[in-house]
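Trainee: For reference, the structure I am asking about is given below.
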């Protein structure tokens, strides 16, 4: 039997992924540094959860002159679905 891990299992393994995704979806017009993500989410340690989101192609990592920033990959179907869901339940505006 082959064990296939669903992307939701990866997201649920790191509960902060939802908070980080929420922050990025609430700030679609800009890319955020890790500092800004920590500030807006209230999470001190974001590296593991952010890595999961990046590995799932839900978050893009971009660099400008040596500064790394992050943005939600709004072209990803999973991100679109979460944006719709978060909006419907009032998790984002």
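Every read-out reported here was derived from the displayed coordinates using simple, explicitly stated rules and does not represent laboratory data. No experiment lies behind these values; they were computed from the predicted model shown. So basically every Cβ, Gly included, is an ideal-geometry build from the backbone, and we count neighbours across all protein chains shown.
Trainee: Can residue 21 be described as surrounded by 16 or more Cβ atoms within 10 Å (Cβ to Cβ), touching a residue at least 60 places away in the same chain (Cβ under 8 Å), closer than 27 Å to residue 6 by Cα and touching a strand residue (DSSP E or B) at 6+ places or on another chain (Cβ under 6 Å)?
Mentor: So residue 21 fails the test.
Trainee: If I ask for residues that are closer than 16 Å to residue 28 by Cα and surrounded by fewer than 17 Cβ atoms within 10 Å (Cβ to Cβ), which ones from region 55-67 would you list?
Mentor: 57, 61, 62
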